[in-house]
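Working notes, beginning with the structure itself.
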């Protein structure tokens, strides 16, 4: 006596469709995550003139990857900290680091939602 499993053909069709559409969805997800990372970094960036806060950018998505950066001359000093002329040290603000930590915490939730939507989409 054998057991019958129903729905495998439908599930297989959905997986085939998802795999076919995967690069498009992955690039969209990565671009969105990059923009959200920029928003988080901007929120963590101290505002004096607004130059540092306004210069967060990302590279175009390539090979399922994007880079978020700030090319303001003093961005590294604010992120990581720096020595002062009188020998003191100004602690780094960790603007990007904090944004990455936050984004990691919600990334899995976002990807699970997308996968669930793809599986439920008929």
Q. Is it the case that segment 100-109 has a residue that's closer than 30 Å to residue 11 by Cα and surrounded by 12 or more Cβ atoms within 10 Å (Cβ to Cβ)?
A. yes
Q) So residue 88 clears everything in (1) modelled with pLDDT of 95 or more; (2) surrounded by 10 or more Cβ atoms within 10 Å (Cβ to Cβ) except one condition, right? Which one? A) (2)
(Q) Restricting to segment 36-50, name every residue that is loosely packed, with under 14 Cβ neighbours inside 10 Å and assigned to a helix (DSSP H, G or I). (A) 39, 43
(Q) So residue 19 passes all but one of these: (1) surrounded by 10 or more Cβ atoms within 10 Å (Cβ to Cβ); (2) at pLDDT below 95; (3) part of a helix (DSSP H, G or I). Which condition number does it fail? (A) (1)
Q: Give me a count of the residues in segment 78-105 that are without any contact (Cβ under 8 Å) to a residue 24 or more places away in the chain and under 20 Å from residue 37 (Cα atoms).
A: 7
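With the requirement that a residue be surrounded by 14 or more Cβ atoms within 10 Å (Cβ to Cβ) and part of a helix (DSSP H, G or I), what does segment 54-79 give you? Show your work before the answer.
Of segment 54-79, the ones surrounded by 14 or more Cβ atoms within 10 Å (Cβ to Cβ) are 55-56, 58, 61, 66, 68-70, 72, 75, 77-79.
Across segment 54-79, the qualifying residues are 75, 77, 78, 79.
The values are calculated or read from the model by the stated rules, or taken from the named source; none is laboratory data. Computed from a prediction, not measured in an experiment: that's the story for all the values here. In this analysis, Cβ positions are derived from the backbone assuming ideal geometry, glycine residues included, and neighbour counts consider all displayed protein chains.
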